[in-house]
Amino acid sequence: MKSQSKYQVKIANSEELKTKSFQIRHEVFVKEQLVSHEDEFDEFENISRHYVVLNSEESPVGAARWRTTDKGIKLERFAVAKEARGKGIGSMLVQAVLDDIFELKGDGQYLYLHAQLSAIPLYQKFSFKIEGPQFEECDIQHFRMELRR
């Protein structure tokens, strides 16, 4: 998958990599943003395609997943460790996920996500558009964003 000199995005296709992905999600969503463990880790874990970003020491610094729903392809759980923010990891992760989706599914896909307000500019860089009103999910404000390609 995608890599910059210090960071590498990997598909979390082993228990070890999936555990590292879950570590970042726990750190960011459960500890930092106070999302309940039950809301963060849901019934879709086994049907989702997971990603982890590793630094040069093989420690996890980012995570994401996507899954197919009855509406399209939903991108979810994008998280970057606090100490790794501002280094382009979020953009690298979104690009790697999009590249993987289009490689597996081809063009013509309807993609959507629920973006926290602070993450909207990141997704807009990839041509996601806000669709619909602001809403609350796990006590955090979001907008639904869509990409048709």
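If you scan the stretch 62-91, which residues turn out to be in a helix (DSSP H, G or I) and in contact with a strand residue (DSSP E or B) (Cβ under 6 Å, 6 or more places away or on another chain)?
ALA84, ILE89, GLY90
Can you name every residue in the stretch 22-57 that is within 12 Å of the chain's Cα centre (by Cα) and not hydrophobic (A, V, I, L, M, F, W, C)?
The answer is ARG25, SER48, ARG49, HIS50, TYR51.
Which ones in the stretch 10-39 are in a helix (DSSP H, G or I) and in contact with a strand residue (DSSP E or B) (Cβ under 8 Å, 6 or more places away or on another chain)?
Residues satisfying the conditions are LEU17, LYS18, LYS20, SER21, PHE22, GLN23, ILE24, ARG25, GLU27, VAL28, PHE29.
Would you check if there is a residue in the stretch 99-111 being part of a strand (DSSP E or B), within 15 Å of the chain's Cα centre (by Cα) and crowded, with 16+ Cβ neighbours inside 10 Å?
Yes; the residues of the stretch 99-111 include at least one that is part of a strand (DSSP E or B), within 15 Å of the chain's Cα centre (by Cα) and crowded, with 16+ Cβ neighbours inside 10 Å.
Quick check on the stretch 77-90: of everything there that is touching a residue at least 12 places away in the same chain (Cβ under 8 Å) and surrounded by fewer than 16 Cβ atoms within 10 Å (Cβ to Cβ), which residue is nearest to VAL30 (Cα to Cα)?
LYS82
Looking only at the stretch 127-143, count every residue that is of a type in the set (Phe, Trp, Tyr), assigned to a strand (DSSP E or B) and surrounded by 12 or more Cβ atoms within 10 Å (Cβ to Cβ) and tell me the total.
Count: 1.
For VAL35, state whether it is β-branched (Val, Ile, Thr), farther than 18 Å from MET145 by Cβ and at pLDDT 95 or above.
No, not satisfied.
Would you please list the contacts, defined by Cβ atoms under 9 Å and residues six or more apart or on different chains, that run from a residue in the stretch 22-49 that is under 14 Å from PRO60 (Cβ atoms) to a residue that is aromatic (Phe, Trp, Tyr)?
Pairs found: PHE22/PHE41; ARG25/PHE41; HIS26/PHE41.
The values are calculated or read from the model by the stated rules, or taken from the named source; none is laboratory data. Please read these numbers as outputs of a predicted model, since none were measured by experiment. Virtual Cβ from ideal backbone geometry, glycine too; neighbours counted across all protein chains shown.
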